[in-house]
Amino acid sequence: MKVAVLFLLSALALLSLAGNTTAKAVGRKANCNAAMVGCPRVYDPVCGSDGITYASECSLCFENRKRMDPVLIRKSGPC
């Protein structure tokens, strides 16, 4: 009986500590160089926080220059 109570209490404690595990993991900022006037023609795709795949981190930087709210990198590779 004591083992069952102990198990239930520990399970309850773990569930209460889990909390909201679906928090938004937005991403990281793109490493941009303000002095660049163009991007190399290297295809190294990144997935933006807007759900669009950009050809490279550099092309994402140029897109961010046009926007008021910058797009972050959600992950490396296509979306």
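Throughout, read-outs are computed from the coordinates displayed, never taken from laboratory work. Quick caveat: nothing in here was measured; it's all calculated off a predicted structure. No Cβ is skipped: glycine too gets one built from the backbone with ideal geometry, and neighbour counts run over all protein chains shown.
Taking 0.36 nm per residue of sequence separation and removing the Cα-Cα distance, the ALA11/ARG41 pair yields an extension gain of 5.5 nm. Could you list the residues of the stretch 39-76 with an amide nitrogen less than 11 Å from a label point located 7 Å from the Cα of CYS32 in the Cα-to-C-beta direction? Taking a point 7 Å out along Cα→Cβ of CYS32, the residues of the stretch 39-76 whose backbone N falls under 11 Å are 58-72.
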